Amino acid sequence: MRSVFTALTAIGLMIGAAAAANAEPITIKFSHVVADTTPKGVGALHFKACAEEKLGDKVNVEVYPNSQLFNDDNVLEAMLLGDVQLAAPSLSKFNKYTKKLDIFDLPFLFNDLEAAEKFQKSEAGQALLSSMEDKGIKGLGYLHNGMKQLSANKPLRVPADAAGLKFRIQSSDVLAAQFEALGAVPVKKPFSEVFMLLQTNAIDGAENPWSNIFTQKFFEVQKYITESNHGLLDYLLVTSAEFWNGLPDDIRPVLDDCIAESTKAANDSALSIAMEQRQKIIDSGSSEVLQLTPEEKAQWREAMKPVWAKFQDNIGADLIEAAQAANN
Ligand code: LMR
């Protein structure tokens with residue numbers, strides 16, 4: 001009897017092993033809207049390389065850059081439907097799901113990328129990763145792009161220069177309020193349309209970090225870029241909680257490691273990518289980069305300041321305080 005049992009167990013194990021060997025790879029589609037050579041693009045490709053190296057044919061990671069698969073207006077719905085497994089929309093694009101992330105859009109909140117990173121790594125920053133779990137969205141980590149600059153076809157030196165101009169913004173009410181505070185007209189449009197809108201003068205200006213201005217060639221259709229560093233454009237790397245929690249136990253921790261490794265690689269290179277691409281824009285001569293005096297910068301800060309009070313209740317005064325502390 002015992003030998004029959006042993007034989008059956010052995011057969012069972014062999015069938016199990018064969019089934020595992022023949023198991024279909026888990027496909028992970030990573031959809032984003034920017035170029036491969038931006039920090040987010042670099043991070044996405046790093047994740048693919050890491051996952052495929054560590055897990056071999058157990059996973060198949062497909063990266064779709066440049067809005068090839070989805071744009072940021074529909075990617076989160078697609079993710080919740082299981083049509084894509086990873087996305088990294090900017091922190092300005094989650095307001096349908098949470099108001100907490102609005103904090104990252106407050107103008108002049110962070111002095112630089114270093115302060116943003118310090119806040120993101122803090123307890124308060126890490127808690128925000130799970131702010132949408134009740135909606136089925138799991139935050140896996142933060143990714144940098146960089147500080148935003150203002151661009152237009154006229155020089156923007158003081159806030160009054162922006163009055164009456166139409167600026168493309170991301171789908172964020174905080175950013176809308178920011179431009180309204182300047183007497184300008186915010187126009188919410190998908191990233192994939194920005195070049196065409198600028199080229200045809202359907203809009204007058206935009207706000208973007210250096211790497212988006214460079215890789216999308218916005219500098220070719222904007223005569224001036226003001227180095228304002230007035231806000232942050234960073235991302236939340238997200239997945240569907242159902243998908244991630246349902247991954248096999250021998251796969252999920254490896255993917256978690258690859259997320260940590262690839263976000264670090266992208267974040268460590270973000271500033272140097274920004275500075276390199278900023279220099280290429282200057283060298284191109286297509287667009288003039290304007291520096292602000294401390295007095296001019298103070299005027300922009302002052303003009304945009306009323307936005308904070310407007311969103312403070314939604315975001316929470318404590319959270320804003322915690323973010324500001326990262327500047328010290
Ligand atoms: C934008 O829409 O301007 C950005 O969110 C695009 C991006 O992903 O950097």
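W210 falls short on exactly one of the conditions (1) out of contact with any Leu (no Cβ under 8 Å at 6 or more places or on another chain); (2) more than 12 Å from the ligand (Cβ to nearest atom); (3) within 27 Å of I273 (Cβ to Cβ), and that condition is (2). Taking (1) over 20 Å from K138 (Cβ atoms); (2) modelled with pLDDT of 95 or more; (3) open to solvent by less than 80 Å² (accessible area, probe 1.4 Å) in turn, Q68 satisfies each apart from (3).
Residue pairs whose Cβ atoms lie under 6 Å apart, separated by 6 or more positions or on different chains, with the first residue in the range 191-219 and farther than 20 Å from A176 by Cα and the second open to solvent by 10 Å² or more (accessible area, probe 1.4 Å) and near the ligand (Cβ under 10 Å from one of its atoms), are T215/A35.
Those residues that are surrounded by fewer than 17 Cβ atoms within 10 Å (Cβ to Cβ) and out of contact with any helix residue (DSSP H, G or I) (no Cβ under 7 Å at 6 or more places or on another chain), I need them from the range 23-51; list them, please. Scanning the range 23-51 gives A23, E24, T27, A49. Pairs meeting the criteria (first residue in the range 293-321 and more than 17 Å from A162 (Cα to Cα) and part of a helix (DSSP H, G or I), second residue open to solvent by 30 Å² or more (accessible area, probe 1.4 Å) and basic (K, R), beta carbons under 9 Å, at least 6 apart or on different chains) are F311/K99; N314/K99; N314/K100; I315/K99; I315/K100; L319/K100. Filtered by the rule that a residue be farther than 25 Å from T215 by Cα and either within 14 Å of the ligand (Cβ to nearest atom) or at pLDDT below 95 (or both), the range 16-56 gives G16, A17, A18, A19, A20, A21, N22, A23, E24.
The values are calculated or read from the model by the stated rules, or taken from the named source; none is laboratory data. Note that this is a predicted model, so its numbers are computed, not measured. Virtual Cβ from ideal backbone geometry, glycine too; neighbours counted across all protein chains shown. With ligands, DNA and RNA removed, areas are computed over all heavy atoms of the protein, side chains included. Shrake-Rupley method; radii C 1.70, N 1.55, O 1.52, S 1.80 Å.
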